[in-house]
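This report refers to the structure that appears directly beneath it.
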Amino acid sequence: MSETEKGSSNFRAEGALFIVAFMVAVIILLTDKNLQTDFGIHARYFIHWYGMLVIAIVALIAGAILLTTKKRSLGLAGTIGSAFIALFLVSDLATYSQVGFTSVSQFATYLFGVTKYPGSLSYIPGIYDLLVILFVLTAVTGAISLRRNKKEEQTI
């Protein structure tokens, strides 16, 4: 049995979550003035903005592929990729000094707080949390789909 036949449509949910993550990343790119300007230091598009742009593009491509394919190997790649992106987003805390914070906890409060950080430019508090949660949920959904596919293979 070919790899395409083995995989069912189990990865569609994972693909849909990637598309939702893409939309959230685009909202962040368009609305977070701190991300765009490094808290007003740069005129336009700070390096972290480009990192978020890459994440958005990867999410869009991964979502489109997973919505249109049935290959188990691509589902596995999506699962690993979404887990990696979630870890990457959390590890962004290590760059606290690059964006002018004096401690990791200050940057964590800005990124993961549900209220606006004092003295920051306009952004939507809590949306970064949503993005991280979406990538974690995408990884979990992919893992469940992989497990389901494995069980289907064993029963055939």
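The values are calculated or read from the model by the stated rules, or taken from the named source; none is laboratory data. Note that the coordinates shown come from a computational prediction; the quantities given were computed from them, not determined experimentally. As a convention, Cβ positions derive from the backbone with ideal geometry for all residues, glycine included, and neighbour counts pool all protein chains shown. Note: accessible area is taken over every heavy atom of the protein model, side chains too, but ligands, DNA and RNA are not part of it. Shrake-Rupley method; radii C 1.70, N 1.55, O 1.52, S 1.80 Å.
Can you name the residue in the range 1-39 that is of a type outside the set (Asp, Glu) and outside any helix (DSSP H, G or I) and, of all such residues, is modelled with the lowest pLDDT? Ranking the candidates gives MET1 first.
Among the conditions (1) more than 19 Å from LEU131 (Cβ to Cβ); (2) open to solvent by less than 80 Å² (accessible area, probe 1.4 Å); (3) outside any helix (DSSP H, G or I), the only one that TYR45 does not satisfy is (1). Remark: pairs (first residue in the range 76-95, farther than 12 Å from PHE107 by Cβ; second residue open to solvent by 30 Å² or more (accessible area, probe 1.4 Å); Cβ separation under 6 Å; 6+ apart in sequence or on different chains) = THR79/ALA143; ALA86/VAL136. Scan the range 78-112 for residues that are over 14 Å from the mean Cα position of the chain (by Cα) and either open to solvent by 70 Å² or more (accessible area, probe 1.4 Å) or of a type in the set (Lys, Arg) (or both) and jot them down. Hits for the range 78-112 are ALA94, SER97, GLN98, THR102, SER105, THR109. When you look at THR68, is it of a type in the set (S, T, N, Q), open to solvent by 60 Å² or more (accessible area, probe 1.4 Å), closer than 16 Å to VAL132 by Cα and out of contact with any Lys or Arg (no Cβ under 6 Å at 6 or more places or on another chain), yes or no? When the stated conditions are applied, THR68 does not pass them. For the range 40-65, filtering for residues that are modelled with pLDDT of 95 or more, under 15 Å from PHE88 (Cβ atoms) and of a type in the set (Val, Ile, Thr) leaves 4.
Residue by residue, here is whether (1) modelled with pLDDT under 95; (2) in contact with a helix residue (DSSP H, G or I) (Cβ under 6 Å, 6 or more places away or on another chain); (3) under 25 Å from LEU30 (Cα atoms) holds:
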{"residue": "ARG72", "(1), (2), (3)": "yes, yes, no"}
{"residue": "THR102", "(1), (2), (3)": "yes, no, no"}
{"residue": "TYR110", "(1), (2), (3)": "yes, no, yes"}
{"residue": "THR115", "(1), (2), (3)": "yes, no, yes"}
{"residue": "TYR123", "(1), (2), (3)": "yes, yes, yes"}
{"residue": "LEU134", "(1), (2), (3)": "no, yes, yes"}
{"residue": "ASN149", "(1), (2), (3)": "yes, yes, no"}
{"residue": "GLU153", "(1), (2), (3)": "yes, yes, no"}
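Scanning the range 94-148 for residues that are of a type in the set (Gly, Ala, Ser), farther than 29 Å from ASN10 by Cβ and part of a helix (DSSP H, G or I) yields ALA94, SER97, SER105, ALA108.
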